[in-house]
Amino acid sequence: MNKKTVRAGIVGAGFSATFHYEALRKVYGVDVDIRGVYALDMDQAKSYAEKRGIRCFGSLDSLLDEVDVIHCCVLVAGHESVAIAALDRDKFAIVEKPLTGYCGDGSESFHGDTFPKEDALKHGLASVERMLAAEASSKGRILYAENWVYAPAIQRERDIIEKTGAQILWIHGEEAHSGSHNPTYAYWKYSGGGVMIGKGCHPLSAALYLKRIEGRARNGNPIRPKSVSARTHTLTRMPNFRDEGHIRRDYYDIDDFSMMHVTFEDGAIATVFASDIILGGIHNWLEVAANNHRTFCNINPNTAMQVYNPLDENFRDVYTVEKIGTKQGWTNMPPDEDWSTGYPQEIQAFYRAIAYGESVESDSRLGADTISTIYSAYVSAERRGAEVAVRTF
Ligand SMILES: NC(=O)c1ccc[n+]([C@@H]2O[C@H](COP(=O)([O-])OP(=O)(O)OC[C@H]3O[C@@H](n4cnc5c(N)ncnc54)[C@H](O)[C@@H]3O)[C@@H](O)[C@H]2O)c1
């Protein structure tokens, strides 16, 4: 078969745009032609483009003129408009997680602690509906960039579930570290919420995905979420928090600890924790308790490589693992962190979908159910953990 060429454009020039670019360079079986980048922050876009020898575009429209797919690597507040702009022109949109969000009413007085969370649910779902409608009337598609779905450990678990006909009774997962580096992360108005959406969406999407797989393998009907109970907390904003400099603490109006308890339509459960208060490097894991097996998916840290370094200074020029506080002593140092995290695999799958029409594991419906579960969870947290029904898409 002749290799197809796909023309790519990157929207956004920050953290996620960087790992998208690295993943793009690894795509095989499809020729990727990276046409350029566009971002609201033009200086950042220019230096991103210069560093990589690609073109910097002055507008989203001019970038869209030249590409088949855009990578939506912008803040949550811009996901819907960027994705719909692409879909309206029959282009594909790879949308970073979370699919979309409610970023407030735009008023000066908007504050994440105090606004009614029913608003987030209502407007968040309206945004999802607009994106799904744009996808339905486009020749392009939304490719939901949830790397946890493509993390090798999760894909191995998929294989086990499909081949053994497993029934998952409980999924238990977490994403946590000592605080996001991004200054905008502190504000609900940029990210559509706090840690429950920012980090919680990763293990939650993986849990929703695996229950879908279970149903799909058994009788073709994905098993969907039915209700959620949740609590959120603001631990680093407690007046008595004793700051010793290891944990970020300047959040303006977002939660830094969350727990979701999801029930599925078959009665099974998932418990999902997310926080910004965990020392020792990023902590991304998912446990599956099934009727015929039990699995720990240790995305990061994992023990593929363990390194002892007697002196921090020795490793001055050595990258070890995301968000670790020290390089001294023992470190679980992933031989290829991007690979364990699923970044290259998701981009590979998306380019095969664009070029050859192959199906994707992480699609707009999974992204939509994730948003619906999370904003229902915020409503629950506002009611101090009361059970709230989850609408599915
Ligand atoms: N999958 C992951 O592991 C992971 C990790 C970090 C961030 N993310 C996601 O990536 C997205 C972006 O986060 P980031 O950390 O890269 O942010 P960032 O602040 O590092 O970069 C954001 C970029 O988007 C640009 N931008 C913002 N709004 C825009 C708009 N409407 N149109 C065009 N450009 C716009 C900014 O100028 C900037 O270049 C978020 O959705 C976040 O949740 C995913």
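Things worth noting here:
- Residue check for ALA93: within 12 Å of the ligand (Cβ to nearest atom), among the small types (Gly, Ala, Ser) and within 20 Å of the chain's Cα centre (by Cα): no
- Residues (assigned to a loop (DSSP other than H, G, I, E, B) and more than 16 Å from the ligand (Cβ to nearest atom)) located in the stretch 132-187: SER137, SER138, LYS139, GLY140, ARG141, GLY165, ALA166, GLN167
- The numbered conditions (1) within 16 Å of the ligand (Cβ to nearest atom); (2) assigned to a loop (DSSP other than H, G, I, E, B) are all true for GLY124 except (2).
- Only residues that are in contact (Cβ under 8 Å) with a residue 24 or more places away in the chain, part of a loop (DSSP other than H, G, I, E, B) and aromatic (Phe, Trp, Tyr) were counted across the stretch 230-267, and they come to 2.
- Among the conditions (1) buried (at least 18 other Cβ atoms within 10 Å of the Cβ); (2) more than 9 Å from the ligand (Cβ to nearest atom); (3) not charged (D, E, K, R), the only one that ALA77 does not satisfy is (2).
- Every test in (1) surrounded by fewer than 21 Cβ atoms within 10 Å (Cβ to Cβ); (2) not assigned by TED's automatic domain parsing to the domain that holds TYR102 is passed by THR373 save one, and that test is (1).
- If the condition is being surrounded by 19 or more Cβ atoms within 10 Å (Cβ to Cβ) and either under 15 Å from GLY78 (Cβ atoms) or within 12 Å of the ligand (Cβ to nearest atom) (or both), then the stretch 20-55 contributes HIS20, TYR21, ALA23, VAL37, TYR38, ALA39, ALA45, TYR48, ALA49.
- Counting only helices (runs of 4 or more DSSP H) that sit completely within the stretch 314-393, those holding 3 or more residues that are under 17 Å from GLN155 (Cα atoms) and either of a type in the set (Gly, Ala, Ser) or in contact (Cβ under 8 Å) with a residue 24 or more places away in the chain (or both) correspond to 337-341, 343-356.
- Contact annotation: no residue pair with Cβ atoms under 6 Å, 6 or more positions apart or on different chains, pairs a residue in the stretch 1-28 that is not assigned by TED's automatic domain parsing to the domain that holds LYS91 with a partner that is within 11 Å of the ligand (Cβ to nearest atom).
The values are calculated or read from the model by the stated rules, or taken from the named source; none is laboratory data. Given the structure is predicted, the values throughout are model-derived calculations rather than measurements. Cβ atoms come from the backbone with ideal geometry, glycine included; neighbour counts cover every protein chain shown.
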